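Engineer: Below: one structure in structure tokens.
The values are calculated or read from the model by the stated rules, or taken from the named source; none is laboratory data. Keep in mind that what you see is a predicted model, and the values were worked out from it rather than measured. As a convention, Cβ positions derive from the backbone with ideal geometry for all residues, glycine included, and neighbour counts pool all protein chains shown. Note: areas computed on protein heavy atoms with side chains; ligands, DNA, RNA excluded. Shrake-Rupley method; radii C 1.70, N 1.55, O 1.52, S 1.80 Å.
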Amino acid sequence: MSGEVLPALLRGLHVGATLSLLGVLVYRQCILPAAPAGPDAADQSVRWQLARLASVSAGAALLFGAAWFVAVTADIAGVSQPGAVAGFVPVVALHTQFGTWLALRLVLLLLVLLLPAGPALRWIALLLAAAAVAEQPMLAHAGAEPGPRGGLLIAGEAVHVLAAGAWFGGLLPLWLSVRRLPAASGWHACRRFSRLGMAAVASIVAGGVVLGALLAGGVAGLLHSTYGNLLLLKTGLFLAALGLAGLNRYRLTPAVQHGERRGLLSSVAAEAAIGIAIVLVAAFLASSMPGADMQHRAHPGMSHGAQGGMQ
Amino acid sequence: MAGRNTFRPTRTAVCLAWMLAIAPAASAHAFLEHASPGVGSTVAAPAELRLTFTERVEPLFSRVTVRSPAGTPLPAGRLETARNGQQLVVKLPKLAPGTYTVQWHVTSVDTHKTQGSFRFTVQPGS
């Protein structure tokens, strides 16, 4: 696999798992209907699966995050031998912005994974996961920009990824609820998730507009750079997911009340698949040179092949 | 109710659009913004070289080489940073007249790599 593709892929898998963790925890605290008074096998099954999904997401985020850390370390240090890479890991962790913030995120994820089960600690787990997601700008283009523009980019990206986690990360829990819970409870969960989804869409769009306006490089950047082309692809995928969300809300959710779940289950699964595709496209987007940077390549003192590393 | 503080989405959207419209495009890779001695300039022997980039860079994973008119790398001092990490500073030995080549490779804090080179000329009395 190309030395440029692997870090971007690991980044996408790590971020996707981290967003999934946040979405599951948000869903469990804010969307899942209250447990019935008596013993209920379906309710207990969904709760157990959500707990397992949270653990798997946190574990995958840790694993892929550590692999991403190592891949980036090897790239920026210019070494490939395992021993040499290992020697640079503490240097990168302690003395670079990327390494410090990614190490902090891995610690947060580990804490979520190790927190004892129990209702009292669920909000703490949610806050830790939200903090892990919110630091995403410091691992991307936004965190490198100095001054007020940097502040605007960091705020825009933090809102963007938190909302994306709440929406896309909650789709699999929603699918499980609709499939396992009684129709009335499934319908109730859909209605609550729909309200969360609308707030998430508004936040994603607001954050995305900020990032796009400052990084895309205008129409020329959108049309004539890899970054711009990926951004257009991501926007197209987002609109497709939005279309499915509208279909779910206005056509398929009402049918759940009458016991017809198959349509909604298929649609939510498709929406989740689009969400995964969006996260992967975003990972390559974060690894490519924004259209706004193209003008700088012609500056005096720049090499013609000024490289945009793919981390 | 008089004095009620209500959220106005249209006004908020217009304000956000205006802020974005006046904000210059951001840079997401470290590009050379300014050099002292300047790119292609003729100067009296400088005591140091200052390279200012469009974003913050990681000094531990950046490199600046200054080559003499004969192409020999000059003994390099420690790479220091200034301006909140956006500027790299290299102390120079006493430079004889001639044209020097500066080659730089930097890693920005978001781990992207860029590189470039330029020349400046040392001429007494400039």
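Engineer: Probe 1.4 Å, all protein chains in place: accessible area of A:H224 in Å², nearest 10?
Structural biologist: Rounded to the nearest 10, the figure is 140 Å².
Engineer: Which one of A:C190, A:L53, A:V205 is farthest out on the positive end of the charge dipole of the protein assembly as shown, using unit charges on Cβ (Lys, Arg +1; Asp, Glu -1) and the Cα centre as origin?
Structural biologist: The listed residue farthest towards the positive side: A:C190.
Engineer: Quick one: angle between helix A:171-180 and the longest Cα principal axis of chain A, in degrees between 0 and 90, rounded to 10, please.
Structural biologist: On a 0 to 90 degree scale, this one is about 20.
Engineer: How much accessible area per residue does segment A:107-150 have, counting only protein heavy atoms and a probe of 1.4 Å, in square angstrom?
Structural biologist: Numbers: 1920 Å² over 44 residues.
So segment A:107-150 comes to 44 Å² accessible per residue, rounded to a whole number.
Engineer: Right, next: Please report the buried accessible area for the interface of B with A, total over both chains, probe 1.4 Å, in Å² to the nearest 100.
Structural biologist: 3300 Å²
Engineer: Beta carbons within 10 angstrom, averaged per residue: use that to sort the peptides A:167-177, A:59-69, B:37-47, A:244-254, highest first.
Structural biologist: For the peptides A:167-177, A:59-69, B:37-47, A:244-254, the packing ranking is A:167-177, A:59-69, A:244-254, B:37-47.
Engineer: Then there's this: When the accessible area of the protein assembly as shown is computed with all protein chains present and a 1.4 Å probe, what percentage of it is carbon and sulfur? Before the final figure, lay out each step's value.
Structural biologist: Values: 12940 of 19930 Å².
Whole-percent figure for carbon plus sulfur exposure: 65.
Engineer: Which net charge results for the neighbourhood of A:G118, defined as the other residues with beta-carbon distances under 15 angstrom from its beta-carbon, given Lys and Arg at +1 and Asp and Glu at -1?
Structural biologist: Here the charged neighbours net out to +3.
Engineer: Residue farthest toward the positive end of the dipole of the protein assembly as shown, with Cβ of Lys/Arg at +1 and Asp/Glu at -1: which of B:P46, A:V281, B:T99?
Structural biologist: Sorting the options by dipole projection puts first A:V281.
Engineer: Can you compute the charge dipole magnitude of segment A:28-143 about its Cα centre, using +1 on each Lys and Arg Cβ and -1 on each Asp and Glu Cβ, nothing else charged? Give it in debye, rounded to the nearest 20.
Structural biologist: Magnitude of the dipole: close to 160 debye.
Engineer: Based on Cβ point charges of +1 for Lys and Arg and -1 for Asp and Glu, what charge dipole magnitude is obtained for segment B:29-122 about its Cα centre, in debye rounded to the nearest 20?
Structural biologist: 260 debye
Engineer: Just going by the charge dipole of segment A:1-145, with Lys and Arg at +1 and Asp and Glu at -1 on Cβ, which of A:T96, A:S20, A:A77 is farthest out on the positive end?
Structural biologist: A:S20
Engineer: Something else about it: Taking the 0 to 90 degree range and rounding to the nearest ten, how far is the long axis of helix A:41-77 tilted relative to the main principal axis of chain A, both from C-alpha atoms?
Structural biologist: 0 degrees
Engineer: When all protein chains stay in place, what accessible area (Å², nearest 10, 1.4 Å probe) is found for B:T72?
Structural biologist: Estimated to the nearest 10 Å², B:T72 gives 80 Å².
Engineer: Partner chain Cβ atoms within 10 Å, averaged over the residues of B:112-121 - can you pull that number for me?
Structural biologist: 6
Engineer: Moving to a separate point now. Arranged from highest to lowest average of other beta-carbon atoms within 10 Å per residue, in what order do the peptides A:278-288, A:147-157 appear?
Structural biologist: A:278-288, A:147-157
Engineer: Additional query: Explain nothing, just the number: relative contact order of chain A, from Cα pairs under 8 Å at least 6 residues apart, as a whole percent.
Structural biologist: Reported relative contact order: 24 percent.
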